[in-house]
Amino acid sequence: MSSSSFDIRRPAGATRHKKILGRGPGSGHGSTAGKGDKGQNARAGGGVRVGFEGGQMPLFRRVARRGFSNYPFRKEYATVKLEKLNVFADGEVVDRASLLARGLVRGSDRLVKILAGGKLERKLTVRVDKVSAGARSAIEAAGGSVEA
């Protein structure tokens with residue numbers, strides 16, 4: 001029978017058997033089911049919440065939270081090295097849409113930054129959110145322009 005698209009198989013090692021617990025001594029995981037003897041973690045429903053330190057004042061309550069954090073307002077950039085721009089033809093415009101179309105960045109909502117990595121051999125017009133100083137000089141040295 002010929003191979004068709006219906007003969008799909010998982011790669012070797014992609015799935016594992018579930019560890020069967022508490023099914024007698026012959027299973028190798030019987031008796032205490034791998035939980036050891038006694039204690040909080042051996043009990044049904046046992047265990048402690050995240051961050052619990054045995055009654056000691058937890059770190060997240062010991063350390064004061066003061067001042068301003070810019071974390072909620074940070075900007076995340078999708079970075080592209082200069083050498084990757086060689087897929088474009090001379091005179092083309094490099095912007096977020098063209099980078100998305102070529103698969104050089106993912107996520108249409110992310111900002112784009114060009115970094116100076118490798119050698120650029122094309123004369124391009126670059127219109128992205130940010131360009132590093134090294135990348136800017138390399139683009140201009142190749143005869144292109146930056147409109148960031």
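Looking only at the range 111-122, residues that are surrounded by fewer than 16 Cβ atoms within 10 Å (Cβ to Cβ) and among the basic types (K, R) come to 1 in all.
Residue-wise test of (1) closer than 16 Å to V146 by Cβ; (2) modelled with pLDDT of 90 or more; (3) of a type in the set (G, A, S).
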| residue | (1), (2), (3) |
| --- | --- |
| N70 | no, yes, no |
| K75 | no, yes, no |
| T79 | yes, yes, no |
| E83 | no, yes, no |
| V94 | yes, yes, no |
| S98 | yes, yes, yes |
| G103 | no, yes, yes |
| L111 | yes, yes, no |
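Within the range 44-97, the set of residues being hydroxyl-bearing (S, T, Y) and not in a loop (DSSP other than H, G, I, E, B) comprises Y71, Y77, T79.
Limited to the range 68-79, what total is found for residues that are free of Cβ contacts under 8 Å to residues at least 40 places away in the same chain and either within 28 Å of G117 (Cα to Cα) or more than 29 Å from the chain's Cα centre (by Cα) (or both)?
Step one: filter the range 68-79 for residues free of Cβ contacts under 8 Å to residues at least 40 places away in the same chain, giving 68-76, 78-79.
If we keep only those that are either within 28 Å of G117 (Cα to Cα) or more than 29 Å from the chain's Cα centre (by Cα) (or both) as well, we get 71, 73-76, 78-79.
Within the range 68-79, residues that are free of Cβ contacts under 8 Å to residues at least 40 places away in the same chain and either within 28 Å of G117 (Cα to Cα) or more than 29 Å from the chain's Cα centre (by Cα) (or both) number 7.
Considering the range 1-43 alone, what residues qualify as being aliphatic (A, V, I, L, M) and either touching a strand residue (DSSP E or B) at 6+ places or on another chain (Cβ under 8 Å) or in a helix (DSSP H, G or I) (or both)? Before you say what the answer is, go through the steps one by one.
Step one: list which residues in the range 1-43 are aliphatic (A, V, I, L, M), which gives 1, 8, 12, 14, 20-21, 33, 42.
Residue satisfying the conditions is A42 alone.
Being of a type in the set (V, I, T), within 30 Å of V131 (Cα to Cα) and free of Cβ contacts under 8 Å to residues at least 60 places away in the same chain holds for only one residue in V48, V94, V63, and it is V94. A138 passes every criterion in (1) within 30 Å of F52 (Cα to Cα); (2) assigned to a helix (DSSP H, G or I) apart from (1).
The values are calculated or read from the model by the stated rules, or taken from the named source; none is laboratory data. In this text, all values refer to a predicted model and were calculated from it rather than measured experimentally. Methodologically, a virtual Cβ is constructed for each residue, glycine included, from the backbone with ideal geometry; neighbour enumeration extends over all protein chains shown.
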